[in-house]
Structure formats: structure tokens, C-alpha cells
């Protein structure tokens, strides 16, 4: 996967965010440089307090940038007026961590999807057409529109809510999707569904996905490139295989040794013996086949 | 076989909601934990694993209610004892319990040594301040916690330190069994490793004889425990050694759960994650027959009606599925 | 919405408060309709007339029909009301001189007292120390002798032709009259106040006015508080700093002192009900502002607000659909408390003589003020102030009860 052929989609130079003044000054994001190419799936990995969520909010234009520049599609980003912001948000959208707080509990689900159709300039469409679009979006995430319509968000499960968030992205078809820990509040069994849908969406629309996570395993599993953040700084970045299998930065190395693993030994594991290559790649295989 | 430390027979408990409905969160659960072994409990949120942890203490308060079953710790049954008796003589002494947000339970206005005094005095009112301090200091040093932590307030400690302090305080009386409910889920991986190291040390040094560890993070569970139980909708659906459960799950639900494991290791990128469609049943009115049947890929007509017993298999394994083992293995192999 | 209402009406505290408040409100609305009249009309010519039903003696004599009843104890009651305390003491005095032991004479037991008198009085004995006293005892005996006799009363009428009084009819003293047959009856359930105004009618009208003051003051305070709180919380930065500066200023200066100063600086003739209500509202927005601000700050960073922004919604729409509904329950609760404190503030101001001008309306505070100035408590005219105190207490109790009930529903920490 060579980046030269690809179009530069979102990049930043010296992006910094400082909260507070004087004594109570906190540098949440510290002179971060990045260049994301269109169609890529990038993971930003960091533990709590690494500034990854602050970076996301700056990329989304929800909070101001203290210092540095963000470039969108090769141009310097200009979101000074509400209209320009609205235009920017047609190109960049997000899925947040907690599906339960992502919805306005006073609004029906239809309103969320209708907003997306309206944002894409579909305000004048007939009611039938709108319903058709919403049905299609729901079908994409394996939900039935008939079961969703006229319901309030609290009537859905966490997994369903997060799928509906993906349906929203399906309707908006932005160039960039920022997924801020979209699976951390969801059960492991539903996690695969959410990830599959994101991959499907990427395949269909060719959008770039920026995946924010604290789970280095998840980052390795889903992404092309990985950025590791520590205390507001990007300490290492590169292709997923490079960073995870051959870490250079101390922090990445430590992170990787501290994460409990299955096939490789872990420091305080009950099982000290490392798995053989054969065992590792043949699993999951029955260990005792006698019945 | 080692000495059985904890034996649970047909334990059932329920919650009673504000509207008087019963939520049957733990349903006919039986298992044994031997000395020196640790048992892991895995499952989706809402499967009853945390409720089971609460129920094991034998200390019931609204909205949790006891229905039936026995909890036998080292030969003595605690399920039919008076709550005050349990609180005074069992908790801390025989069982230590660490909930997920334990680190937030420390009163910020008290020094750590005060909590230790409280724990020890609850069981031995005559203990002197000096004795308690010496004991605490010794224990903290063995567990690699700086002794000056004793004189600090909870707010001065980081999240990981707080959690380790809580574990040290709650095991100060060397209980027979430690029940840890997601003790490291709220922490970052480095602090998580420190917490695990401490639990590991407690076991190695014999301060606790056995442990029940509850988490939804399967790689962690695999590394920490000897045996794993998978819970679904208030019931145990499968039980086996950690290796068996992670690499060779039998029950279709465990199979799905193990297929969702992600670890940063070479080769994992090529494995397709499995997903289980649907949502767990409502425990106010669990379905007849197998509770997993509505979401099961391998479901058969009789699954929805027949009652499914928990069957013991060879090697100390057990599973709750009416489809024969050979048939399941055949189906799994064909999928690969 | 429907669910919330159902939940609200399941709360015992809220329902109790609501019932008390509705009863008071209904009284204030319905009473003036069924019995119209100017609440400040001075009907009594003397002050502090006792509660009761008053009939004109003339009218009762002139009614078409009279009735007689056989009522047990009627005679005793009549004697009771005629035999003055002084007479009783004199009877006792005589009986003691006659030689009866003190404990045998009980001036409260009319029947026994009279029996003792008739058994023991002898005009020949002349037990009085002076002639005048002996004569007095003789007169008393005559009076007591006539006490059981009933005399007929002659009702006369002036004949227009002859110019002479003609006997129209005879009425016995023991006759009864149906009150509804009497032309001029006035019922004063709570008597009159110092100006001779019907206290009950005045009280009902005062409840209405005070509630109006509470409502206006509450609305003004809540609107200002909500607006400033939303601005400070949502915009943050300099706007927040400025608003917080003023709100801190208002917090340190006691609100009531400020209220007194403002009320004092407005001329009495300018101080209408609305003016006073607005002044109260203007001094009590601070706590609403602070709490709305705190709520908005925590809401501002919630994901649903971010998502709404990303959907391109404008700021006003964001505030109306994504912020206001979340704080609505809280604002309603604050509003209820503001009404209650508005009513109390008016009462306080009026008792200091800084309430609305006294000529055209009655308020609960003004009624307390009048009762205090005309020393109702010294004259024993409890009806002029006890009912007012009770109403003030009930109104603020019911509103606070409603607020507590709502708090338990909307604040999950207080749920049991």
C-alpha cells in the first residue's frame, strides 16, 4: 500500500491544544503532525489522558486549535462561519464512544436519520423517498426500519444504537469518519458486527476511517496505519505490521508487553511456556479430540 | 484433587425491581473451587456474573434476594446464616470481595491505615494500633507497596495505586477466597498488569487460597485463571480449563465468545472475528428450553422446548447443550 | 411525556402538595364568581367584628312567620346569656353572708345557683351592710323572679293616614325566625378587620393577588435565570465570566436588603402589584442562573450535543432541542420554588410597609401588615391574622412539597 498514489485527505502540522492559563495550563495535544490519505484506515492508539479525544474534537472542529494548522483536502481548513462549518461537516463525521449518550433521549429515532437526509440536501424529497432511504440505511446495518420508526433511543440496546449511528454515516457518506472507541461500551459479541459494518461501509464508499482506541489489539486488527499517542505527542507511527510487530518507541514496546496475550507468554501468566508456531497457527483447534 | 475451598450447589438468586417484578439473575449455579486454583467467570454484560459474585458472599440486601442453594466455604455452609453473622465472621475473614469501582469506595478524608484498622478491629476488637501498623507495614512491603502509602489519603494515590491498595486492605486478614469482579477494567494496561501481579503474589505467597476472577476481557482471563466458566442468561453454559475454553470451546455460545478475541499478535489480522447476532433474553421471563436457542447458529427444533441440563464431560469439563459433542465438533470443523 | 406525567402523579408527596395547592387556587378562583363583591368594601362601622352570622333585629321581628321549638336546655341557655357575671358574683356574695360554705356556691352552675338563691333569699333578713345594698338584693330577686317568664313583644307600625302607631302583631320572646326569611343577613365567617371589611372575602382576594405576584416574580426570575444560565454555560469564556461576576455580586449582597432598597426607592403611588412582583423577580434569579449554568456546562460536552452540531443544527435549535429538554424538569422545579419564595418575599416587604399601595388591592402581606398596625393581636382579633398566616404556610408548604416530590422523581440519587 503505497501512499504516493493516494490523495492527501486530512493533515496537520504542529497541532496543539492548551487548556487553561498560567499555573493551571495543561497541554492536551502537543505539536502533533499527521497526514492521512483518502481511503486509509488509521488507528490512533493511546491510553486515557493521551489527548486522543482532544485531537478528535479538534479534527471535527468542535473545539478550537490553539496552535498549528489542519488541512482538509489539501486546503487549509476554514470553519469560521456556521455555513462553512456545515459544509466541512458534510465531509467529516463521527461515531462516539457511548451510544447511550449519543442520542437526544427526547427525539425519536426517525429524527436522527431525517437530519442526515436533510443535511445531504434532501429536504425537498417526497416522504416515500425519505422512508425508502431510511429503510435502505437500516437494512445496511441489519435493522428493520419498521421496528425502528416511532421509537425512542432508550428502547434499543447499546449494539442497536451503535448500528444506527453507522446507518447515519451510511446516509451522510462523508469523506472521513472519526470513530472514537465505537466498540468499547459494547459486548464482545456485538463488537465484531460493528467492525464488520464499518469495513463494509468503507468498501462501499471508499471513505477514510480514523479509528480511536485504547486497545492496541483492536488497532492492529482493523487498521492499515497506526499512530501511537502518549501524553499529547505522537511517539510512533507507521503501517500496522511495522508498529505492532516491530515497535521502535519505548512506549509502544511497553504497551505491547503489558497487554495480556493468548499465544505469546505474558509476564504474570499462569502459563509460562510460549506456544509453538504450530500450536499458534493451528488454533483454534481441539486439544483433546477423544470423546 | 486438592482440598475444596468453595463449593456452590444449585444457587439461585433474584433481584426485585421497583415494580415488584423478579429478575432471575443467577439460576441454579453449581461449581467447586479447589485450594490453590483460580476460577474465571466470563460472559456478556447482564449475564449475571456480577450478581453471582455478590451472591457468593452470602450477604443479601435489597434488591438482591436469596432463593435457594448452598454456599460452602471450607466445609461450613454460609447460605443459611444471619446477615450480621455473615458480615462479622465471613466477610474479610473467609471471603474478600473487590468490586469494579472499589478504588472509588475509599473515603477521601481518611488515611489508608484507618481502613486497615477498621477491617482488623471488626474481627479482633482488642488489636492495638501498633500491632495493626506493624502487620500492615509488613504486608504492604511484601506486596511491593510503599509503606508510606499507609499514611496517605486516597486522593493522593493514582487509580492503579488506589486499586492495589484496596486489594491489599481487603485481603489483610488472609481470607480463604478472593472474589475480584473486573478489578482492572477501569485501569490502563500498565496499571492493570500491576494489579494482576499483586493478585498473583497474593496467591503465590498463600495469603489467599483460591480466587474467583470475573471479567469480560478474555485474554486477561486466560492468563490469570486455571479454569474458566462461561455464563449466559444467569446460567453456567460451559466450564473447563482455561486452555480448553479458549482454544477448544464446545458450547456454541462459548465458541462465539472466543471467536471475538482480539490480541496484538502476529497472525490475528487474518482471523475473521465471529459475531453472535441478537441480544440476550430478558431475565424477567427467560425463554423455555435452551436460553441461547434464539441466537444459536446450530439450533434444533427440540432446543426451544426441551429442558437442557448441565452435563459433565471428561477432563472435568461440562457443557449445557443437547447437541452431541461429536456433532458440534464436526460443525465447527466444517466452518473453518 | 405521558410517562413522565404518570410517574409524577404516582409520587405521594407531589400529589399531596398538588391537592393542597389546587384547593387554595380553586377557592381563590371560584369564590369571587359565586359571591361577587368588592373585597375592600368597608361594611362594618366598627373594627374587628367577631366571626359569625349577623341579622338585623328589625328584620327578624318583621318576618312573616315565626317558629317555636321545644329545645332541651333552651331556657338555661337563655338565662345563661342574660345573667351577667356581676349578678352572679353578687348572688354569691349574698349566699356567703347567709352562711353557706364557699365551696357550695359555684357561679358557673346557673341552675344550682338560682335554686340556692330562691331557697335562701329572705328580704326580712337584711343581710346587706347598707340600705342601698339591701335594696339592690331586693331588685335582684325581682329580676330573677321574672327570668323564666316570657313577655310578648309588640310590633308596631306607623299608620300613614292617622299618623299613629298601630299594633301590627305580637311576637313572643321565645319565638324563632328562619334566617332565610330575614331580609338583611350578613355572614362573616372570619369577621371583619380593623376597617370593617369582610376578612374572608379579603383573604380570598389576597390569595389571588399573592399567587399572581408569586407567578410574575417566579416567571421573571426563572426567565432571567434561564437565559443568563444558558448563555454563561453554553458560550463560556468571557460571557461566562461577566455573568458569573454579576451573579456573585448578587449572591453576596443579601437579596432581601436589595429588595428593600429597590422597593423603598419606588414611590408608594407607583408601587402596583406588578411592579412589586417584577422587583421581587429581579432580585431572585441568581440561584436559577447558577444551577442552569452548571447543568448546561455538563450537557455541553455530551455526545448528543456534539452529534447535533455535526448534523449542522444552528445554535438556537441546538439549545431548544438538545439542551432545554434536558434541563426542563430542573427549571420547572426551580420555578415552583421561585413562586413560593416570591409570595414570602411579598409578605416580608409588605410587613415592612414596602408592599403594593394599600388602596386598591389586598395581598397576604398587606393583610398581615394591617393586622399588625391595628394591633389585632392585642385586641384578641385572631381572625384578622391567623387565617392569613395559615394560608401563607399552606401555600409555601404545598409548593415545596411538590418540588420535593419532583426532585425525587428527576434526581435518581434520591430515588428509593
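Throughout, read-outs are computed from the coordinates displayed, never taken from laboratory work. Keep in mind the model is a prediction, meaning the values are calculated, not measured. Glycine gets a Cβ as well: all are built from the backbone with ideal geometry, and neighbour counts include every protein chain shown.
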### Summary
With Cα springs under 10 Å, the Gaussian network model of chain B assigns the largest mean-square fluctuation among B:149, B:51, B:109 to B:109
### Query
Computed over the Cα atoms of region B:251-335, what is the ratio Rg over Rh, Rh following Kirkwood?
1.00
### Summary
Largest fluctuation, C:134, C:400, C:46 only, Gaussian network model of chain C with Cα springs under 10 angstrom, belongs to C:134
#### Entry: Among A:108, A:261, A:76: highest mean-square fluctuation, GNM of chain A, C-alpha pairs under 10 Å
A:261
#### Entry: Ranked C:285, A:89, C:382, C:118, criterion: other C-beta atoms within 10 Å, fewest first
C:118, C:382, A:89, C:285
### Query
Thinking of the protein assembly as shown as a set of Cα atoms, what percent of all their pairs are more than 55 Å apart?
41
### Query
Using alpha carbons only, how many degrees (0 to 90, rounded to 10) separate the axis of helix C:273-282 from the longest principal axis of chain C?
40
### Summary
Kirkwood radius from Cα pairs of region B:33-184 plugged into Stokes-Einstein at 20 °C, 1.002 mPa s, gives D in µm²/s equal to 129
### Summary
When B:170, C:56, B:260 are ranked with the fewest other C-beta atoms within 10 Å first, the list becomes C:56, B:260, B:170
### Task
Let me know the shape class of region C:189-288, please: from the alpha-carbon gyration tensor, a ≥ b ≥ c as square roots of the eigenvalues, rounded when a/c is under 1.5, otherwise prolate if a/b is greater than b/c, or oblate.
prolate
### Task
Compute the Cα gyration tensor for chain A, then decide on rounded, prolate or oblate, letting a ≥ b ≥ c be the square roots of its eigenvalues: rounded whenever a/c is under 1.5, prolate when a/b is larger than b/c in the other cases, and oblate in all that remain.
oblate
## Note on the structure
Rounded to the nearest 500, the 222 nm mean residue ellipticity computed for chain B from DSSP H runs (n ≥ 4, each -39500 (n - 2.57)) alone is -8500 deg cm²/dmol
### Query
Taking Rh as the Kirkwood radius computed over C-alpha pairs, what is the Stokes-Einstein D of region C:74-148 at 20 °C in a medium of viscosity 1.002 mPa s, expressed in µm² per second?
170
### Message
Could you tell me the extents of chain C's C-alpha atoms along the three principal axes, largest first, rounded to whole Å?
### Response
113, 63, 47
### Query
What nm value, rounded to one decimal, do you get for the distance between residue B:127 and residue C:50 when each label is placed 7 Å out toward the C-beta?
7.6
## Note on the structure
Gyration tensor on Cα atoms of chain B, a ≥ b ≥ c root eigenvalues, a/c under 1.5 rounded, else prolate if a/b beats b/c, else oblate, says prolate
### Query
Which of B:82, B:251, A:263 comes first, and how do the rest follow, when ranked by fewest Cβ neighbours within 10 Å?
B:82, A:263, B:251
